[in-house]
1. Quick one: how many residues across segment 33-61 are over 21 Å from L92 (Cα atoms) and touching a residue at least 12 places away in the same chain (Cβ under 8 Å)?
2. Mind counting the residues in segment 116-165 that are small (G, A, S) and surrounded by fewer than 11 Cβ atoms within 10 Å (Cβ to Cβ)?
3. Restrict the check to segment 104-117 and report whether at least one residue is out of contact with any strand residue (DSSP E or B) (no Cβ under 8 Å at 6 or more places or on another chain) and outside any helix (DSSP H, G or I).
4. Under the condition of being of a type in the set (V, I, T) and part of a helix (DSSP H, G or I), which residue from segment 118-152 is modelled with the lowest pLDDT?
5. Taking the options R111, R131, R71, name whichever one is among the basic types (K, R), within 26 Å of Q15 (Cα to Cα) and free of Cβ contacts under 8 Å to residues at least 60 places away in the same chain.
6. Kindly indicate whether any position in segment 181-188 is assigned to a helix (DSSP H, G or I) and closer than 22 Å to S78 by Cβ.
7. So, restricting to helices (runs of 4 or more DSSP H) that lie completely within segment 1-85, which ones have at least 3 residues that are surrounded by fewer than 17 Cβ atoms within 10 Å (Cβ to Cβ)?
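The values are calculated or read from the model by the stated rules, or taken from the named source; none is laboratory data. All of these numbers come straight from a predicted model, not from anything done at the bench. Every residue, glycine as well, gets a Cβ built from its backbone with ideal geometry; the counts of neighbours run over all protein chains shown.
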Amino acid sequence: MRAGLYARVSTHDQQTLGLQVEAMASYINDRGWDVASKVEDVGSGSKERLGREGLLRAARRRQVDVVVVWRLDRWGRSVADLMATLRELTDLGVGFVSLTEALDLTTPTGRAMAGLLAVFAEFEREILRERVRAGIAQARKEGRPHGRPPTASLKSVEVLRLEAERVSHSEIARRLKIGRTSVRRILAEAR
C-alpha cells in the first residue's frame, strides 16, 4: 500500500515534528507499506493547511492508499472537520490511520470506530444547538436583544426619502450600503 504521512506542529519551535515522522515511518515500515508522500505542516490548526490539502488532492488522484497521522488533532481542525475529511477519504477508498489513538480505518474495527466518532460528532452538534436555543430563550425572557443588530432599519427615513425622489431600489441599496431585500422590506412596511 502507498501511504501518505501527515505531520503538523503549531509553531516552528516545537520539537515534535521529527518524533511524529519517525513514529509514522516506523509504523509504515512494520506494515510493509511504501511511503508515497510525506507532508509536514507548520501552523495553527485553525489556519489553512496547504500540506493537508495537497495530501487530500493526492488521495483524490489515487496516488495514496492510506493516510497516516500521529494524532487525530494533528489532522482535524474540529470534530466536524475531522468527520468530513474521514468520510471523504472513506468514500475515495483511502484508509486512515492515527497512531496515538490506535485508529485504523483500514480494518473493520477501525471503520466501526469511525462510525462511533460520527455519532459523537452529531451529538456534539445537537448539544450546541440546544445551548444556542436556550440562550436565545433566556435573552428573550430577560428582554435583552439577541441576533444581528438592526442596521438597515436604522436607515428607514433615508430609504423612504430616496424612494420619494424616484431613486431605484438598487441605487438606494448601493448609496446606503444595505441590501436590496432590506430596501424592499422597509418600503413594504411603510405601505
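1. 7
2. Filtering segment 116-165 for residues small (G, A, S) gives 118, 121, 134-135, 137, 139, 143, 147, 152-153, 156, 164.
Restricting the remaining residues to those that are surrounded by fewer than 11 Cβ atoms within 10 Å (Cβ to Cβ) gives 134, 143, 147, 164.
Final tally of qualifying residues: 4.
3. Yes.
4. Initial filter on segment 118-152 (of a type in the set (V, I, T)): 119, 127, 132, 136, 151.
From what's left, part of a helix (DSSP H, G or I): 119, 127, 132, 136.
On the way: V119: 77, I127: 89, V132: 88, I136: 89.
The selected residue is V119.
5. The unique qualifying residue is R71.
6. Among the residues of segment 181-188, not one is assigned to a helix (DSSP H, G or I) and closer than 22 Å to S78 by Cβ, which makes the answer no.
7. 16-31, 50-60
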